[in-house]
Structures are given as structure tokens and as C-alpha cells.
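Worksheet: the structure to be examined is printed underneath.
The values are calculated or read from the model by the stated rules, or taken from the named source; none is laboratory data. What you are looking at is a predicted structure, and each value in this text was computed from that prediction instead of being measured. Every residue, glycine among them, receives a Cβ derived from its backbone with ideal geometry; neighbour counts consider all protein chains shown. Calculation scope for accessible area: heavy atoms of the full protein, side chains included, ligands and nucleic acids excluded. Shrake-Rupley method; radii C 1.70, N 1.55, O 1.52, S 1.80 Å.
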Amino acid sequence: MTSTTPDVFAWLDTRSRARARAGLTRSLRPRAADAAALDLASNDYLGLTRDPRVTEAAAAAARRWGAGATGSRLVTGSTELHAELERELAEHCGTEAALIFSSGFLANLGALTALSGPGTLIVTDAHNHASLIDGCRLSRAEVTGAGHRDPATVTTLLSERVKKRALVVTDSVFSVDGDLAPLPELAAACRAHGAALIVDDAHGLGVLGDGGRGGVHAAGLAGAADVVVTTTLSKSLGSQGGAVLGPRRVIAHLVDTARGFIFDTGLAPACAGGALAALRVLRAEPELAGRARGVARELAGRFAAAGFAVSSPTAAVVSVRAPSPAEAVEWAGRCRADGVAVGCFRPPSVPDQVSRLRLTARADLSAADLDRAVEIITRNAPAAARRER
């Protein structure tokens with residue numbers, strides 16, 4: 001940089017120093033392929049991402065179809081494999097049709113922007129995932145927030161609306177604490193006031209519902225004409241990508257109008273093949289869903305008994321409160337050094353501004369794994385963690 005070149009990014013240094021003072025600096029930590037740490041940080045709820053049936057299917061798809069999709073889904077990026085995955089995913093979840101996107105984030109952006117617009121009111125839960133928040137921001141609709149899990153306020157907002165159309169948007173399982181949305185009550189509010197319900201089932205698919213069919217299925221709303229489901233292939237299905245499921249006319253509308261579908265390169269065949277194989281494992285072994293929930297309850301019970309402030313899991317997410325962002329980072333780091341990888345959630349990733357360790361319950365964890373995890377996390381806890389109740 002010459003002396004005459006303005007330092008247009010000097011403000012970044014100021015922001016960086018402020019984040020460091022607040023304990024909110026983030027960093028990338030590349031993991032080795034053979035990492036020995038016990039994994040309680042990923043979203044691999046069913047333990048399928050390294051299952052040979054899944055990895056071999058992903059490799060076979062890459063050999064047959066190539067390393068990439070080669071183009072957008074509407075040009076060259078749709079293969080017979082994508083169509084097969086869409087058919088089986090819709091059948092499993094009880095919907096008429098499905099559409100695969102290259103990520104769950106894009107699936108949410110695509111559904112929200114294509115199904116709303118200037119003539120729409122969107123009512124969104126205060127604790128929704130960032131992808132839903134960004135979809136609302138890009139929607140050009142009127143957006144208003146309801147309290148967390150607050151169907152009464154949703155009902156009021158829908159009854160007072162002046163816009164012709166309305167959407168209610170929620171996660172099925174909220175990603176920070178793993179609590180459930182009141183889907184039956186939200187659906188009733190929508191039906192009383194002519195609104196559609198969009199549910200992000202990323203943390204419900206594979207964990208909730210009969211045979212892991214998801215939170216929408218568990219709520220008795222699968223296949224409803226006024227409900228649209230979004231999900232990801234990167235959690236219970238151990239792969240990568242996203243999907244929107246719902247009535248055929250909704251899926252047809254997304255093919256024609258969802259920019260994150262039309263202009264994005266299609267999902268890589270290896271990811272589609274891996275996800276399809278994982279879905280077939282789940283359908284053949286439906287008990288995996290209940291096993292993941294049981295591990296979550298066991299973890300939560302043991303940390304609660306040890307005096308920690310812990311969430312009451314209804315799916316596969318368990319959160320343990322930390323005294324501060326800095327102590328959360330240090331706690332997670334000590335656990336990682338002792339061989340247990342845990343998630344560390346801090347502002348702005350947590351809607352209530354309370355830092356946590358976020359633990360993933362996996363269906364393949366053994367009793368010995370749980371003993372090891374509880375011992376290491378407890379031993380490395382900040383003294384104040386057991387007072388944060």
C-alpha cells in the first residue's frame with residue numbers, strides 16, 4: 001500500500017479489537033481425518049457420516065456421475081440420482097414432493113423468498129435459525145417477530161394483518177437448546193387466519209417422528225396442503241445439501257422462481273448418493289431415532305445431577321450454560337485438549353445472549369463414551385458454571 005492509498009478497511013481492526021475484548025473472536029481449527037477426539041460437537045445425530053454404507057455410496061456416485069454436478073439443476077445439474085433422492089425423501093417424510101438444494105441454508109432462502117414477496121406478512125419466531133432470518137430479510141415481505149414458542153402472539157399478529165397473504169416461519173427443533181416448536185398450535189393459528197406454515201425440520205429429521213420422519217410428521221402435519229418443510233442433508237443423513245418438501249404445486253413454483261435453486265450449481269452427486277444411502281439406513285433401522293433421543297436424555301440428566309444448568313432435550317441437542325463467552329471458549333478448549341470435542345455457542349449465535357456448550361447426542365455413542373464425556377466436561381468446567389442456574 002502506498003502512502004496515497006486510503007486505508008479503507010481500517011474500521012475492521014477496530015471491530016476486531018472490540019470482538020476480542022468481548023470474548024467473541026472466532027477461528028478455524030482444521031481437524032485431521034483420523035481425529036481421535038470423541039465427537040459431541042457435530043450434527044451427525046445418527047452416526048452415519050462415516051458409516052461404510054454411506055461413504056461407499058458417496059464414492060460410487062462420484063465415480064459414476066463425476067466430482068461435481070457440472071451446472072445448475074435446470075441445465076446439467078440434475079441427475080437420476082437427485083430425482084431418486086427427492087422421491088424417497090418425500091415418501092419418507094410423507095409429502096407429495098421434494099426439491100434438493102445445494103445446502104440447507106439455500107433451501108430456506110429459496111422457500112422464503114419464492115413463497116412471499118411485497119404482498120405478504122411473515123411472522124417469525126424470535127429464536128429461528130440464521131438462514132430463516134436471512135430469508136425473511138431477503139423476502140421483500142413485511143416481517144414481524146413473535147416471541148419464542150408463542151402461538152398466542154402469532155394468532156394476534158395474523159388476526160390484525162392487512163397483507164393478503166401470510167406465512168408463519170419456525171424451526172421444529174431450535175438449534176441452541178433443542179426445544180420444540182408448538183407446531184400443532186401454530187398450524188391451528190395459521191388455519192384460523194388463512195396463513196401458510198413453513199417449518200425448518202433440520203434438527204428433527206432422523207430424530208423425531210415415527211422412524212425419524214421428522215418433527216412435522218410427529219406433530220401430525222405431514223403432507224398437509226398448507227405446510228412446507230425445509231431440511232438439511234448434513235445432520236442425520238450425514239452428507240451435505242438441503243431440501244424443501246411439500247405440495248407438488250409449491251415445489252413446481254420453487255423450480256420456476258427460487259433464485260437459490262435456479263442460479264446455483266446443483267448438489268454434488270457424491271453428496272446426493274451419500275444422503276440417499278443414509279436415508280435408506282434410517283428406513284431399515286428406524287430405532288436409530290429413538291436411540292439418539294435416549295442418549296440426549298442421559299446426557300442432560302447426568303449434567304443436571306452434577307449441578308449444571310442444562311436444557312431439557314426433546315430431540316438430540318443438549319446445552320450446558322457457561323458463565324461468559326470467554327469462559328465458554330476456555331471450557332470447550334480444555335475439553336478438546338482432553339479428547340472430547342464440544343460445540344461452543346456465543347453471541348451472536350445465541351438469541352438470548354447466554355453462552356453455552358452445545359452437545360450433540362449421537363445414536364452410536366456407547367455407555368463408555370458417555371462416561372468419558374461427562375467426566376471430562378465436568379472436570380474442565382469453570383467453577384461458576386454450576387451456579388449458572
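Which shape class, rounded, prolate or oblate, goes with region 243-288 when its Cα gyration tensor gives a ≥ b ≥ c as root eigenvalues, a/c under 1.5 marks rounded, and past that a/b bigger than b/c marks prolate?
It is oblate, given that a/c is not under 1.5 and a/b is not larger than b/c.
If I histogram all Cα-Cα distances within the chain using bins 20 Å wide from 0, what percent of pairs lands in each bin?
The calculated distribution, bin by bin, is 27, 56, 17, 0.
What whole-number volume per residue, in cubic angstrom, does the convex hull of the C-alpha atoms of region 72-118 give? Don't skip to the end; give the middle numbers.
Details: hull volume 4.4 nm³, N = 47.
Convex hull of Cα atoms, per residue: 94 Å³.
Only residues of region 136-153 count here: report those whose backbone N is under 13 Å from the spot 7 Å along Cα→Cβ of residue 352, or say none.
In region 136-153, the label zone of residue 352 (backbone N under 13 Å from the point 7 Å along Cα→Cβ) covers 148-149.
Provide the packing ranking of 16-24, 135-143, 67-75, i.e. peptides ordered by the mean count of other C-beta atoms within 10 Å per residue, highest first.
Ranking, from highest mean packing down: 135-143, 67-75, 16-24.
Nearest 500 deg cm²/dmol is fine: what mean residue ellipticity at 222 nm does the chain get from its DSSP H runs of n ≥ 4 alone, each adding -39,500 (n - 2.57), divided by its residue count? Please list the in-between numbers first.
Values: 14 runs with 158 residues, N = 389.
My calculation for the chain gives -12500 deg cm²/dmol from helical runs alone.
For region 1-119, take the alpha-carbon Rg, divide it by the Kirkwood Rh, and send me Rg/Rh.
1.10
As an exercise, take the mean of 1/r over every pair of distinct alpha carbons in region 90-207, invert it, and state the Kirkwood radius in angstroms.
Computed over Cα pairs of region 90-207, the Kirkwood hydrodynamic radius comes out at 14.4 Å.
Say R0 is 56 Å: what FRET efficiency, to the nearest 0.05, do residue 96 and residue 31 get from their beta-carbon distance?
On the way: r = 40 Å, r/R0 = 0.71.
Computed FRET efficiency for residue 96 and residue 31 comes out at 0.90.
Considering only the other residues whose Cβ falls under 14 Å of the Cβ of residue 330, what net charge follows from Lys and Arg at +1 and Asp and Glu at -1?
Value of the local net charge: +3.
Over region 46-177, with the other protein chains present, what is the accessible area per residue in square angstrom, probe 1.4 angstrom? Walk me through the numbers on the way to the answer.
Working: 5760 Å² over 132 residues.
Computed with neighbouring chains in place, this is 44 Å² per residue.
Measure of size requested: the Rg and Dmax of region 254-336, with Cα atoms as the atom set and Å as the unit; please supply both.
Radius of gyration, then largest Cα-Cα span, for region 254-336: 19.5, 54 Å.
Just how many % of Cα pairs in region 298-389 lie over 14 Å apart, if you round to the nearest whole percent?
61 percent
Hydropathy first: keep DSSP H helices in the chain averaging at least 0.5 on Kyte-Doolittle, then drop any whose Cα extent along the axis falls short of 30 Å, and list what survives.
Membrane-span-like by this rule: not one helix.
As an exercise, find the ratio Rg/Rh for region 153-209 from alpha-carbon atoms, using the Kirkwood inverse-distance average for Rh.
Values: Rg = 12.4 Å, Rh = 12.1 Å.
Taking Rg over the Kirkwood Rh, I get 1.03.
What order, most packed first, do the peptides 201-207, 164-170, 114-120, 339-345 have when packing is the mean number of other Cβ atoms within 10 Å of each residue?
Result, highest mean first: 201-207, 164-170, 339-345, 114-120.
With each pseudo-label sitting 7 Å past Cα toward Cβ, what's the residue 13-residue 134 distance in nm, one decimal?
2.9 nm
So what are the ³J(HN,Hα) numbers for region 36-47, from phi and the Karplus equation (6.51, -1.76, 1.60; θ = phi - 60°), rounded to whole Hz, Gly and Pro as x?
Here the 3J(HN,Hα) series is 8, 5, 6, 8, 10, 10, 7, 9, 7, 4, 9, x Hz.
Counting only protein heavy atoms and a 1.4 Å probe, tell me what percentage of the chain's accessible area is made up of carbon and sulfur. Don't skip to the end; give the middle numbers.
Details: 9170 of 17220 Å².
Reported share for carbon and sulfur atoms: 53 percent.
Give me P(r) over region 140-270, computed from all C-alpha to C-alpha distances, binned every 5 Å, as integer percentages.
2, 10, 18, 21, 20, 16, 9, 3, 1, 0
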